[in-house]
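Notes for the one structure printed next.
The values are calculated or read from the model by the stated rules, or taken from the named source; none is laboratory data. Predicted model only: the values in this text are computed from it and were never measured. Cβ: placed from backbone, ideal geometry, glycine included. Neighbour counts: every protein chain shown. Only protein heavy atoms, including side chains, enter the accessible area calculation; ligands, DNA and RNA are left aside. Shrake-Rupley method; radii C 1.70, N 1.55, O 1.52, S 1.80 Å.
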Amino acid sequence: MNDHFHDEPAHLRLPSAPKTGQGMEPLLSRIFLGISVALIPAICFDLPGLLLGEAGETRSILLMIVAVTAAVVALFQAWRARLRRAADRPAGLLKSIAAEGDIIAMVPVRDLAALDLVLIDNPTLAVEQALNLFKVMVRLLSSIFVVAPLALAWEMLFLFAFGGLKMPLLHAAVTGSQIIRIGDLARSLIAFDALVVSFGAVIMLVAGKQPSRRFGFRNIYRDRRDAYLREQFSVSDDEAITISIASPRFTPVHQRSF
């Protein structure tokens, strides 16, 4: 470790860009990725409505999937346009690449933008990210269908014990109204429990890296970018990569010496 810093920026050697069919493959892969993103809120927030059997839920789910898919594709296109503008700019602004708090290189913004462009235009990465999101959905559904019934059992026991709900006796005749009342109550409670569990799961997904790992979520694009930077700058796999904001000049506290 020393405090010496070289002013010469480190230029990235970009990976070879995959050959795609005139932009159709990246577009189709983003649509597929958008659908996988849209299914998470559709499942989490429309599942309680399906449990209640409310009319029009199927149409609302389809509309949500279409809307979120279109939003994801539009965000990717806007992101790509910003990266294209940054990649076409002359070298000037730099970003620092740090590993575990140690500055390892100063890289031009245009090089990082060009690297991100190669990654987001790779259909394989989009499909890989979509498959990862499908795994997340499976874990979300397993959480909903395990936790919600358990919560329902405890809620029904509490209502029978303290809430004034009468348990049908085996030696007494059970009326149809009693069955309907208990069934409607159980369906409402399990729909509420499913909503609470799914809402909590979504909060965990967006709260940060550690909570989202419980559901197996990975940012494939960031992982590939960091892996490429680790390989180029000879950083071990167990060290976290951090990229600073753009700065025309940067005076680091520490720089790793090689």
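Residue 232 fulfils the conditions (1) within 14 Å of residue 44 (Cβ to Cβ); (2) modelled with pLDDT of 80 or more except for a single criterion, (1). Evaluating residue 223 against the criteria (1) open to solvent by less than 50 Å² (accessible area, probe 1.4 Å); (2) at pLDDT 85 or above leaves one unmet condition, (1).
One line per residue, one yes/no per condition, for (1) closer than 30 Å to residue 199 by Cβ; (2) open to solvent by 10 Å² or more (accessible area, probe 1.4 Å); (3) assigned to a helix (DSSP H, G or I):
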residue: 107; (1), (2), (3): no, no, no
residue: 119; (1), (2), (3): no, yes, yes
residue: 125; (1), (2), (3): yes, no, yes
residue: 135; (1), (2), (3): yes, yes, yes
residue: 139; (1), (2), (3): yes, yes, yes
